[in-house]
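Working notes, structure below.
The values are calculated or read from the model by the stated rules, or taken from the named source; none is laboratory data. This is a predicted model, so every value here is computed, not measured. Here the Cβ is made from the backbone with ideal geometry for all residues, glycine too, and neighbour counts use every protein chain on show.
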């Protein structure tokens, strides 16, 4: 099969073996793949993984073959990103994302930038007809955002700060807005912040402006927000989040940083901040929101490419003003 493989010499189109259909697995013919911020970090060397690897985990496709009787070929699906050992207690209880031996699509296991991918049947999610192959690529990040708001729900009209104006930041902002929060979206790119405003996020803050922190504090009675969601996981965003959050507040980290040790533990202890890491998702709720168009995602797509245009696609996706690039297989 044709695959887009990241090697030490960069991205290359290669003929790779079709993944085998193992017991309990489904083989998916890939349709569309969204390039995520993690994909870009791996591609440009900021996030180290073992190479070669096929990137891509925000994907949709149709069932090609199935070893599970009640899953029919031709069904449009997407998949969760963690593949567990299927033997340990976590996997047996449906929590493969905590498995000590788990492999993650596009990172420690080949991802979806290929004609076919095979995954366990119990981590796939069927997409309704209202969710096409492009919209479906947003299911994973939206599911993650919904898990955050479920774990850390806002009070009515409560100010909530979202750090990062990329795909995950804008989706999380929309979800918190839908749940009644007074959302503040902070980022360092005016084009992305402009897109967010077009989607109804009126309280945008550009952290390139030196007075943005003071502006937020003035709007939160000088104590900062109780809830801060960091989707960027970089030194500047996490440091600012810890500085701005009110004492006894909640900081949610929704992205894996390229380097550990970015959070000041002394400030966390001094302010009594609760830190939550999120690596799960509410896929059924996310599917429903996409099907009913309760969340706007299509305007986040900047451009679409073909698989053989992989280099161009990643170059375009790495532009700071770009929110989402899709590769169609």
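The figures follow:
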| quantity | calculated |
| --- | --- |
| Answer residue from segment 41-65, given it is over 25 Å from residue 131 (Cα atoms) and either in contact with a helix residue (DSSP H, G or I) (Cβ under 6 Å, 6 or more places away or on another chain) or not assigned by TED's automatic domain parsing to the domain that holds residue 111 (or both) and is surrounded by the most Cβ atoms within 10 Å (Cβ to Cβ) among those | 43 |
| One residue from 34, 74, 24 being under 25 Å from residue 122 (Cβ atoms), touching a helix residue (DSSP H, G or I) at 6+ places or on another chain (Cβ under 9 Å) and surrounded by fewer than 18 Cβ atoms within 10 Å (Cβ to Cβ) | 24 |
| Residues that are assigned to a loop (DSSP other than H, G, I, E, B) and in contact with a helix residue (DSSP H, G or I) (Cβ under 6 Å, 6 or more places away or on another chain), drawn from segment 86-101 | 99 |
| When residues of segment 179-191 are limited to those that are touching a helix residue (DSSP H, G or I) at 6+ places or on another chain (Cβ under 9 Å) and at pLDDT below 95, the one nearest to residue 159 (Cα to Cα) | 187 |
| Among the candidates 96, 86, residue that is modelled with pLDDT under 95 and either surrounded by 21 or more Cβ atoms within 10 Å (Cβ to Cβ) or under 18 Å from the mean Cα position of the chain (by Cα) (or both) | 96 |
| Looking only at segment 263-283, and only at residues there that are surrounded by fewer than 12 Cβ atoms within 10 Å (Cβ to Cβ) and part of a helix (DSSP H, G or I), the one that is farthest from the chain's Cα centre (by Cα) | 270 |
| Selected residue (criterion: surrounded by the fewest Cβ atoms within 10 Å (Cβ to Cβ)) from residues of segment 294-315 that are without any contact (Cβ under 8 Å) to a residue 60 or more places away in the chain and farther than 20 Å from residue 171 by Cβ | 306 |
| Filter result for residue 242 (modelled with pLDDT of 90 or more and not in a helix (DSSP H, G or I)) | no |
| Segment 117-159: number of residues that are in a helix (DSSP H, G or I), surrounded by 17 or more Cβ atoms within 10 Å (Cβ to Cβ) and touching a residue at least 40 places away in the same chain (Cβ under 8 Å) | 16 |
| Restricting segment 245-262 to residues that are under 22 Å from residue 146 (Cα atoms) and modelled with pLDDT under 90, the residue that is farthest from the chain's Cα centre (by Cα) | 257 |
